[in-house]
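Enquirer: Would you mind keeping the following structure in view while I ask a few things?
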2 protein chains.
Amino acid sequence: MVTIKDVAKVSGVSPSTVSRVIANNPRISEDTKKKVRKAMKELGYHPNVNARNLVAKSTKAIGVIMPSSANVALQNPFFPEILRGIGSVIHEAEYSMYLSTGETEKEILSEVQRMVYGSYVDGVILLYSRINDKVTNFLREQGFPFVMVGKPQEHDTEITHVDNDNVRAGKEITQHLIDMGHEKIGFIGGSRDLLVTRDRESGYVAALEKAGIQECEGYKIHTEFLKSGGREAVEHLMSLSTPPSGLVVSDDLISLGILSMLESYGLRVPQDISLVSFNNVYLSEITRPALTTVDIQIYTLGAQSAKALIEKTLNKNEPAKRIIIPYEIVYRDSVSQLS
Amino acid sequence: MVTIKDVAKVSGVSPSTVSRVIANNPRISEDTKKKVRKAMKELGYHPNVNARNLVAKSTKAIGVIMPSSANVALQNPFFPEILRGIGSVIHEAEYSMYLSTGETEKEILSEVQRMVYGSYVDGVILLYSRINDKVTNFLREQGFPFVMVGKPQEHDTEITHVDNDNVRAGKEITQHLIDMGHEKIGFIGGSRDLLVTRDRESGYVAALEKAGIQECEGYKIHTEFLKSGGREAVEHLMSLSTPPSGLVVSDDLISLGILSMLESYGLRVPQDISLVSFNNVYLSEITRPALTTVDIQIYTLGAQSAKALIEKTLNKNEPAKRIIIPYEIVYRDSVSQLS
DNA sequence: CTGTTAGCGCTTTCAG
DNA sequence: CTGAAAGCGCTAACAG
């Protein structure tokens, strides 16, 4: 390994000068800079991060925490897309990114602890928001810089988070169904432990209320991905005496499952039943029918959270903030007008 | 930050002794170990990785490189799933994982260079295999430990790689179509720059040959994901004087797009046309119809590549090897018997 | 079994 | 504008 000393020797200056050239210190003459840089190139010198981090007490690295991966929900294209968004600003800022995927909450917690205690990273991004989350609590207690994608369960004024206005999005997309003449509208969501599910559901409820539609018993369902792609949800809904004519589904990937269950019940979308959804991942435009869905701008969600985190690590008393990314409804073919 | 010295002071021993109990050196008495550990707990001591890496000249970290993310192909559930596999062994071994996502090959290369030159990682996993890849060449030239998921374009005896036998899988799944009475069989693949596409295609060709079926002009198509989910592919195929009755599609996500294009042409799967595919990601079981596809064991692919890489970093002259993960065809509903 | 010492590669005062 | 020296937190000979 070629070190700063080697460069110093070759260029005939002291190690500290080389260090200053690396930092592009203005007090070094252009001449010596040129000389030193030439030597660096010749020798193929590259600074060693560990040595640097050790003295700088900063790592220019951030940790990204995926939700627990015990179930198939992680196969959601949401994740690669948000990583891409994070990666873009990370790269731009010459930071690096540690990824943690754990099966269980315990595993995740232990990885996060290692990251923060061991000074692996300067800050952490949580790619999920769930209730009673030990990881969140740990980070808060430690006063370690972190940002959350989604809405914190509590202390939301102290935790920097990047989110959509999911309540409003839920309300608006439900309203769309209502505008199209639907009154019997069901809701199918992922786990209620996820704040995002709750928000979207609240929006759905609010829209019904506003329209003076009575919430119907049994119209709200929460399904885990694993359960055969929503079979039970659809079975239940369709066994009702008056099944819904419209469905608000909290995630495109769930929608895909619902779509196919619906068809197996002989129900055509949108002729027999309409469906709206959230996220606008690539697959939502290639399903049959293409989904009317809320584009939440996943990439931007990721990019902004990385940006906010970096700012925070650079300036410890940057105030906590809430960053709301606008959404946009993409109208496609999964909703029909009810006469 | 609490250091080894603080622990030493509190427990009344020297720093080196503390270091030894961290390493669980057998030459330290159980008594002192106990004493020291108690002090560590009290003070909340955790070793600093950077200091440790600096002297150890090893980072216990590996870099994971995603393919260029300029297009939507990254939204493939393949990636979260393989990350999960990698993550499991990483966690087990108490390693950590750096993730690199770059838009362009240039960006990726620069990230990889930073990783290796800056001693960020002990080794690298490439999550793709493509022709004329600068990143691969760089890693080879540097003699830096890396493993590739997929088949190397060249030097495949020198590069440790983890792969399926995609040629055989392609052959076998095509054979299945033939067994079901199909003779006019088309192939729709992703980019030909990807080795995986080529292998699966070779298998397809081999099966045809073996069955004495003449390869038909215009039956082989390569489509980029972006292009409206395979619209052009299907348009082309269906405009042929004798369109195929069966389709081999090189990726489940592409299949999803094809499925919906087919339907928009009034073609039902599998009644009018059969389709087989690869990967067996979650969505392939919730499409309509559920796909007959090759389960390539993505998770295992990831886990094995991480395992191989760690071994390699631990023992520099571990020989290069090829690790073939078995596949299994999952028969579902996208193929029909032709009388 | 344990302490002393040197040093990993780099940055940063402090001098000059 | 540049050099000398100290030190980041840890490990690893070398003594004892």
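The values are calculated or read from the model by the stated rules, or taken from the named source; none is laboratory data. Given the structure is predicted, the values throughout are model-derived calculations rather than measurements. Here Cβ is always computed from backbone atoms with ideal geometry, including for glycine, and neighbour counts include all displayed protein chains. With ligands, DNA and RNA removed, areas are computed over all heavy atoms of the protein, side chains included. Shrake-Rupley method; radii C 1.70, N 1.55, O 1.52, S 1.80 Å.
Enquirer: Name every residue in segment B:82-128 that is within 15 Å of residue A:102 (Cα to Cα), more than 10 Å from chain A (Cβ to nearest Cβ) and buried (at least 23 other Cβ atoms within 10 Å of the Cβ), in order of residue number.
Expert: Answer for segment B:82-128, where residues must be within 15 Å of residue A:102 (Cα to Cα), more than 10 Å from chain A (Cβ to nearest Cβ) and buried (at least 23 other Cβ atoms within 10 Å of the Cβ): just B:82.
Enquirer: On the basis of being farther than 30 Å from residue A:194 by Cβ, near DNA strand C (Cβ under 8 Å from one of its atoms), open to solvent by 50 Å² or more (accessible area, probe 1.4 Å) and within 14 Å of chain B (Cβ to nearest Cβ), does residue A:52 make the cut?
Expert: Yes: the conditions hold for residue A:52.
Enquirer: Can I ask one more? Collect the residues in segment B:197-245 that are modelled with pLDDT of 90 or more, charged (D, E, K, R) and surrounded by 13 or more Cβ atoms within 10 Å (Cβ to Cβ), keeping them in residue-number order.
Expert: If the condition is that a residue be modelled with pLDDT of 90 or more, charged (D, E, K, R) and surrounded by 13 or more Cβ atoms within 10 Å (Cβ to Cβ), then B:198, B:199, B:200, B:201, B:220 are the ones that fit.
Enquirer: State which residue is farthest from DNA strand C (Cβ to nearest atom) when the search covers only segment B:23-49 and only residues that are under 39 Å from the mean Cα position of the chain (by Cα) and loosely packed, with under 15 Cβ neighbours inside 10 Å.
Expert: Looking only at segment B:23-49, we keep the residues that are under 39 Å from the mean Cα position of the chain (by Cα), and these are B:23-25, B:44-49.
Of the ones still in play, those that are also loosely packed, with under 15 Cβ neighbours inside 10 Å are B:23-25, B:44.
Working: B:23: 11, B:24: 12, B:25: 7, B:44: 21 Å.
Among those residues, the one meeting the criterion is B:44.
Enquirer: Can residue B:332 be described as of a type in the set (Lys, Arg) and within 11 Å of chain A (Cβ to nearest Cβ)?
Expert: no
Enquirer: Given the conditions (1) within 30 Å of residue A:72 (Cα to Cα); (2) of a type in the set (Val, Ile, Thr); (3) open to solvent by 40 Å² or more (accessible area, probe 1.4 Å), which single one is not true for residue B:173?
Expert: The number of the failed condition is (3).
Enquirer: Also, quick follow-up: Of all residues in segment B:284-296, which are touching a Lys or Arg at 6+ places or on another chain (Cβ under 8 Å) and either outside any helix (DSSP H, G or I) or away from chain A (no Cβ under 12 Å) (or both)?
Expert: Correct list: B:288, B:289, B:290, B:291, B:292, B:293.
Here's the yes/no breakdown for (1) within 12 Å of DNA strand D (Cβ to nearest atom); (2) under 28 Å from residue A:122 (Cα atoms); (3) within 14 Å of chain A (Cβ to nearest Cβ):
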residue: B:2; (1), (2), (3): yes, yes, yes
residue: B:8; (1), (2), (3): yes, yes, no
residue: B:12; (1), (2), (3): no, no, no
residue: B:17; (1), (2), (3): yes, no, no
residue: B:24; (1), (2), (3): yes, no, no
residue: B:35; (1), (2), (3): no, no, no
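Enquirer: Then there is this: For segment B:312-339, what are the residues that are open to solvent by less than 70 Å² (accessible area, probe 1.4 Å), of a type outside the set (Lys, Arg) and under 21 Å from the mean Cα position of the chain (by Cα)?
Expert: Those that are open to solvent by less than 70 Å² (accessible area, probe 1.4 Å), of a type outside the set (Lys, Arg) and under 21 Å from the mean Cα position of the chain (by Cα): B:313, B:320, B:323, B:325, B:327, B:329, B:330.
Enquirer: Of A:103, A:111, A:94, A:107, which residue is in contact with a Lys or Arg (Cβ under 9 Å, 6 or more places away or on another chain), acidic (Asp, Glu) and within 18 Å of residue B:92 (Cα to Cα)? Talk me through it step by step, then tell me what you get.
Expert: Working: A:111 fails: in contact with a Lys or Arg (Cβ under 9 Å, 6 or more places away or on another chain); A:94 fails: within 18 Å of residue B:92 (Cα to Cα); A:107 fails: in contact with a Lys or Arg (Cβ under 9 Å, 6 or more places away or on another chain).
Going through A:103, A:111, A:94, A:107 in turn, the sole match is A:103.
Enquirer: Which pairs turn up if I take residues in segment B:260-273 that are within 9 Å of another protein chain (Cβ to nearest Cβ) and look for partners that are open to solvent by 20 Å² or more (accessible area, probe 1.4 Å) and part of a loop (DSSP other than H, G, I, E, B) with beta carbon separation below 7 Å, at least 6 apart in sequence or on another chain?
Expert: The qualifying pairs are B:260/A:288; B:263/A:288.
Enquirer: Looking at the structure I just gave you, is residue A:281 more than 9 Å from chain B (Cβ to nearest Cβ), buried (at least 22 other Cβ atoms within 10 Å of the Cβ) and aliphatic (A, V, I, L, M)?
Expert: When the stated conditions are applied, residue A:281 does not pass them.
Enquirer: For segment A:295-309, state whether one or more residues are more than 26 Å from residue B:76 (Cβ to Cβ), open to solvent by less than 20 Å² (accessible area, probe 1.4 Å) and touching a residue at least 40 places away in the same chain (Cβ under 8 Å).
Expert: Checked against the condition, which is being more than 26 Å from residue B:76 (Cβ to Cβ), open to solvent by less than 20 Å² (accessible area, probe 1.4 Å) and touching a residue at least 40 places away in the same chain (Cβ under 8 Å), segment A:295-309 yields at least one hit.
Enquirer: Would you point out which residue out of A:289, A:270 is out of contact with any Leu (no Cβ under 9 Å at 6 or more places or on another chain), closer than 21 Å to residue B:256 by Cβ and not assigned by TED's automatic domain parsing to the domain that holds residue A:79?
Expert: A:270
Enquirer: Which condition from (1) open to solvent by less than 40 Å² (accessible area, probe 1.4 Å); (2) modelled with pLDDT of 95 or more is the one that residue A:167 breaks?
Expert: Here residue A:167 meets the rest and fails (1).
Enquirer: Just give me the residues in segment B:10-22 being away from DNA strand C (no atom under 11 Å from the Cβ) and open to solvent by 60 Å² or more (accessible area, probe 1.4 Å), in sequence order.
Expert: The one that is away from DNA strand C (no atom under 11 Å from the Cβ) and open to solvent by 60 Å² or more (accessible area, probe 1.4 Å): B:10.
Enquirer: Quick one: residue A:73 ticks every box in (1) within 16 Å of DNA strand D (Cβ to nearest atom); (2) at the interface with another protein chain (Cβ under 10 Å from one of its Cβ atoms); (3) crowded, with 22+ Cβ neighbours inside 10 Å bar one, so which box is it?
Expert: So residue A:73 meets the others, but not (1).
Enquirer: I've got another one for you. Looking only at residues in segment A:129-143 that are outside any helix (DSSP H, G or I) and out of contact with any strand residue (DSSP E or B) (no Cβ under 7 Å at 6 or more places or on another chain), which one is most open to solvent (accessible area, probe 1.4 Å)?
Expert: Taking the candidates together, the pick is A:132.
Enquirer: While we're looking at this one, here's another question. For the condition in contact with an Asp or Glu (Cβ under 7 Å, 6 or more places away or on another chain) and more than 30 Å from residue A:231 (Cβ to Cβ), what is the one hit in A:145, A:152?
Expert: Values: A:152 fails: in contact with an Asp or Glu (Cβ under 7 Å, 6 or more places away or on another chain).
From the options A:145, A:152, the qualifying one is A:145.
Enquirer: So which of B:96, B:129, B:100 ends up being in contact (Cβ under 8 Å) with a residue 60 or more places away in the chain and small (Gly, Ala, Ser)? Break it down into steps so the answer makes sense when it comes.
Expert: On the way: B:96 fails: in contact (Cβ under 8 Å) with a residue 60 or more places away in the chain; B:100 fails: in contact (Cβ under 8 Å) with a residue 60 or more places away in the chain.
Selected residue: B:129, the only one of B:96, B:129, B:100 that is in contact (Cβ under 8 Å) with a residue 60 or more places away in the chain and small (Gly, Ala, Ser).
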